[in-house]
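The structure under discussion appears below in the form of structure tokens.
The values are calculated or read from the model by the stated rules, or taken from the named source; none is laboratory data. Computed from a prediction, not measured in an experiment: that's the story for all the values here. Positions of Cβ are backbone-derived with ideal geometry, glycine not excepted, and every protein chain shown enters the neighbour counts.
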Amino acid sequence: MKEKFNVIGKPVIRQDGKAKVTGQAKFADDYKFPNTLFGVMVRTKSTHAIIKNIDYSEIENDKNIVTIIDASDIKGAKKTGLIRKDQPVFAFDKIVTPGDVVAMLVGVDVDELRILAKKVKIELEELPSLTDPEKSLDPDSPLIHPEFNTNLVVHHPLRKGDIEKGFNESDYIIEQTYTTPHIEHAYIEPECVTAIPLEGDKGIYIIGSIQNPFTVRRIVAEVLNFPLNKVRVEQAELGGSFGGKDDIMCILSARASIAALKTKRPVKIKYTREESILESYKRHPYRMHYKVGYTKEGKIKAMKIDILADAGAYCSMTPYVTWRSVVQATGPYEIENVWTDVRAVYTNNPYTGAMRGFGSPQIVFAQESLMDDIAVSLGLTPDEIRRINGYRYGSITASGQRLENHDVNLMKVLDTACEATNFREKWLENEKHHNRRIPTIEFKDEIINKNLILSDREFVEPEDTWKKGIGLAISFRGSSLGAEGIDAAAAYLSIQSDGSAYLLCGLAENGQGMKTAYSIIVSEILGIPVENIYYLELTTAHIPDSGPTVASRSTVMGGGAVKNASEILRKRFEDFLRSQWQLTEDDLIVFENNKIYVKGKEKFSLSFSEFTALAYKKGICLASIGWYPGPKIHWDEKVGQGKAYFTYVYGAQVAEVRVNIVTGEVYIDKITAVHDPGKVINLLGALGQVYGGVTQGAGYAIFEELSKQNGFPQELNFDQYLIPTSKDVGEIVPIFIEGKDEFGPWGAKSLGEPTLELTSAAINNAIRNAVGERYFNLPVNLEEVILKRKLRPGDIQRGSL
Amino acid sequence: MKKNKILKKIKLRFTLNGEPVELETLPNKRLLDLLRDDLNLTGTKEGCSIGECGACTVIVNDKAVNSCLMLAGEINGSAIITIEGISQNGNLHPLQENFLKFGAVQCGFCIPGMILSAYALLNKNRRPDEETIKEAIAGNLCRCTGYKQIIEAIKNTKL
Ligand code: FES
Ligand code: FES
């Protein structure tokens, strides 16, 4: 393996950076096409109902309406979905969630169309709504999609060892239930897409805020009944996604395309923030029941886990998301006897799908909170309990996979995090000062009678208000899609005769800096500067389908494909030069600093552009397509056993907080994030991933929650759905441990998601360390800390209403 | 018979990125739409439309404002600066340079607003401390970066 790098691992300025700091970068709504029409959605006020009739008579002839589109305009599939075909482009038989759209008004003046949208008469037969996932599988609950005969979307079982024997061998047993809420992706750019009909029967061209152009293409082709090559999808600069601009963009693209073909004009759909939050999918809320048995020495003997995920009204990516949960639910601990069930069910709530973390933030919160409780019950420190049970090289996971062929750096990240924060000493110190409750004073009856004025000692002393806490969480995480998904990616590299290059990978840039990382890989192999590489706009017409950009795939899969494309060229160039210069196999040809030369024979030296000019003249092909198929993995659905992922990454985070026991406020002073992402490709990008992921994780921990009333999201804009601002998170200290791995480019794996999944558990453990109370329900916001319950709009009916 | 009414236009004069501008527009137009639609300056972004996200931040008479909350009529006679106007003769503004150098940009959607909030701050306080910087950008939401590299970039900018 190459040990010394010229570009890899250094801080490199993002290639798309200049356009983004000058306002030149074009996001979906910045594209304007002549003659464009706009689409405005028609929704109902219902959560669950049968659609009897839709009556447009009041608005049909309004001059602002160019056309009205609904399910009757669809030539192909009326219902679509990435995994299961349950989501209508336009609802035609039933309303199953408040975000559902029955029709789209198309015209020039959006404001007028919005007024008209309210005048469409929709005749509905209301059905009882089902918003509590716990009731989904009750025999008398309504079926959300009667065609499937059950509200169960998926059930992933995992069975290892003998669970009863494990509990019998245990000295102690703890049982806990944890919950997590709906979380909004909150990309700052709301959804936007334009569809343009192509003249001459060439099909349709779509450009938008699209996370996965290939999935959009597939869905739109199904809906239009077009072959794939007549749907050309381009990704505009994407204003954040975090897994969130996939299914929703498929649906919006399909709506815009139908209207564009019908009107023969470009049709743009641009969502307001309110529509975005109302209709787009969320992170799954989980209810997680854990039962764990362990010995008095702290060895975990058995773990029984029962998880219920709210899939909401549509399936979306739920089977994959919950599959990651079943693989990782025990946490990174070697446990002989495991019995896990993860079920996801339909409800009338907003649907849930991919979001950064992809099924892990929920379980890490539960299982890492539980580990601390085990430690406390035995008088051990949190790091001790993790050392007793944590994975090492050769450990067997819950799914029966032996961890090998890569550095299993769990203990190393744990030790590093503890040392960097002086964890154990601080933790033990804080344990001495538990005092969650507001301090009380004792008094005798007569004081009240004679003294109505409070004396100083009846107020909380400022030093009693703030309690310090430190908390730890560790995790392992499978890279890429794993045994559930198709896993392969392509890259296209074309060198020009002057030595400049075009590069494109089939995975999509979502703002995480992938284009730059890929260019660095080319630069490392061919020795050309990153600035000389032009990263092409991703359109489905120019590169093979590489699957979705989710689940930490981009570096390991896309990077693998780019490396392959670069190596194909490098090999071809070397072969050509060997014959041109009459070299032997032992001569070492070096590609660096925009030059090619033979080591020790400096007369054989060319600048890269001299070389490309020469190769071009001699008829050498200067382009290549790289391909990276994921290594073989397998999975037994029935017992949840197998080689789930081809490799894993490891992380540890330590949170240091202060808790105000009077107001319930939690202030995050510092998060130390130690990650083994494999090889770091771009240091600046990697740091940004840690800062960003930890901050999202902190929001998940202490304030984010999308609450619902009868399935309607209650926080529809940023005045109510609060995400962290510049003032909300203290210091973040990233530390990288670069483990070796045979997979991925030079062993580079993933980082974006592990950074997020650990934070809420570390913070929850820190809060417990501060106040001596365990919290089981995210977010641990003010009310949770003080009251141990949530104060939600609508939970309590006010007398005045 | 229904009568069709249309709004009368208003005339505006202001300076935009240092250049005098005169135009006619509808009085019910937001400054944000005036910039994006009439003047094709799409660097100014729309994220929430209610003054919460700061993506639409521009500078009006040296102050950072949310252009989604301002009507076109209010800007008559003002000096407006947008993200397109802060680089001089093709050279990036030191803030822009530093946003790149410190890795402060991810998806980039919040970045024009973020840079302009920082620009307004630095023009009245050349050496702000970290708390002041955090305060100045607290109205600009960013979901990608966690703000750290943005704060570093601003702190290290010397005008
Ligand atoms: S769009 Fe103006 S503040 Fe969000
Ligand atoms: S860089 Fe994406 S929102 Fe700030």
Of the candidates B:Thr42, B:Thr57, the one satisfying the condition of being without any contact (Cβ under 8 Å) to a residue 12 or more places away in the chain and within 16 Å of ligand 1 (Cβ to nearest atom) is B:Thr42
Being touching a residue at least 24 places away in the same chain (Cβ under 8 Å), outside the structural domain of A:Pro544 (by TED's automatic domain parsing), crowded, with 24+ Cβ neighbours inside 10 Å and away from ligand 1 (no atom under 16 Å from the Cβ) is the requirement here; does A:Ala254 meet it? yes
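Just for strands (runs of 3 or more DSSP E) wholly inside segment A:226-340: which have at least 1 residues that are in contact with a helix residue (DSSP H, G or I) (Cβ under 6 Å, 6 or more places away or on another chain) and farther than 30 Å from A:Ile474 by Cα?
Passing ranges, in order: A:231-235, A:267-270.
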So which of A:Ser523, A:Ser566, A:Ser519, A:Ser546 is modelled with pLDDT of 90 or more, in the same structural domain as A:Asn594 (by TED's automatic domain parsing) and in contact with a Phe, Trp or Tyr (Cβ under 8 Å, 6 or more places away or on another chain)? A:Ser519
So, in segment B:125-142, how many residues would count as being part of a helix (DSSP H, G or I) and either in contact with a Lys or Arg (Cβ under 9 Å, 6 or more places away or on another chain) or within 16 Å of ligand 1 (Cβ to nearest atom) (or both)? 6
Condition first: within 14 Å of ligand 2 (Cβ to nearest atom) and not in a loop (DSSP other than H, G, I, E, B). Now tell me which residues in segment B:43-59 satisfy that. B:Thr57
Mind counting the residues in segment A:341-370 that are in a loop (DSSP other than H, G, I, E, B), under 25 Å from A:Val654 (Cβ atoms) and out of contact with any Ser or Thr (no Cβ under 6 Å at 6 or more places or on another chain)? 5
Looking at segment A:625-655 only, could you name the residues that are part of a strand (DSSP E or B), under 25 Å from the mean Cα position of the chain (by Cα) and at pLDDT 90 or above? A:Trp627, A:Gln641, A:Tyr648, A:Val649, A:Tyr650, A:Gly651, A:Ala652, A:Gln653, A:Val654, A:Ala655
Checking A:Ile163 against (1) β-branched (Val, Ile, Thr); (2) surrounded by fewer than 18 Cβ atoms within 10 Å (Cβ to Cβ); (3) within 10 Å of A:Gly293 (Cβ to Cβ), which test does it fail? (2)
Of the residues B:Asn89, B:Asn28, B:Asn98, B:Asn76, which single one is over 21 Å from A:Asp30 (Cβ atoms), out of contact with any strand residue (DSSP E or B) (no Cβ under 9 Å at 6 or more places or on another chain) and surrounded by fewer than 20 Cβ atoms within 10 Å (Cβ to Cβ)? B:Asn89
Within segment B:111-124, track down each residue that is surrounded by 15 or more Cβ atoms within 10 Å (Cβ to Cβ), more than 7 Å from chain A (Cβ to nearest Cβ) and either of a type outside the set (S, T, N, Q) or part of a loop (DSSP other than H, G, I, E, B) (or both). B:Gly113, B:Met114, B:Leu116, B:Ala118, B:Tyr119, B:Ala120, B:Leu121, B:Leu122
Across segment A:702-731, what is the total count of residues that are away from ligand 2 (no atom under 16 Å from the Cβ), within 12 Å of chain B (Cβ to nearest Cβ) and either charged (D, E, K, R) or buried (at least 24 other Cβ atoms within 10 Å of the Cβ) (or both)? 3
Only one of B:Arg13, B:Arg30 is within 14 Å of chain A (Cβ to nearest Cβ) and away from ligand 2 (no atom under 16 Å from the Cβ); which? B:Arg30
Kindly provide the set of residues from segment B:16-26 that are away from chain A (no Cβ under 14 Å) and either assigned to a loop (DSSP other than H, G, I, E, B) or within 13 Å of the chain's Cα centre (by Cα) (or both), ordered by number. B:Gly18
For segment B:63-110, which positions are more than 16 Å from ligand 1 (Cβ to nearest atom), hydrophobic (A, V, I, L, M, F, W, C) and in a helix (DSSP H, G or I)? B:Leu95, B:Phe99, B:Leu100
Run down A:Gly699, A:Gly688, A:Gly692 and say which single residue is within 13 Å of chain B (Cβ to nearest Cβ) and closer than 15 Å to A:Thr555 by Cβ. A:Gly688
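Run down A:Phe226, A:Phe214 and say which single residue is surrounded by fewer than 24 Cβ atoms within 10 Å (Cβ to Cβ), modelled with pLDDT under 95 and over 17 Å from A:Asp86 (Cβ atoms).
Selected residue: A:Phe214, the only one of A:Phe226, A:Phe214 that is surrounded by fewer than 24 Cβ atoms within 10 Å (Cβ to Cβ), modelled with pLDDT under 95 and over 17 Å from A:Asp86 (Cβ atoms).
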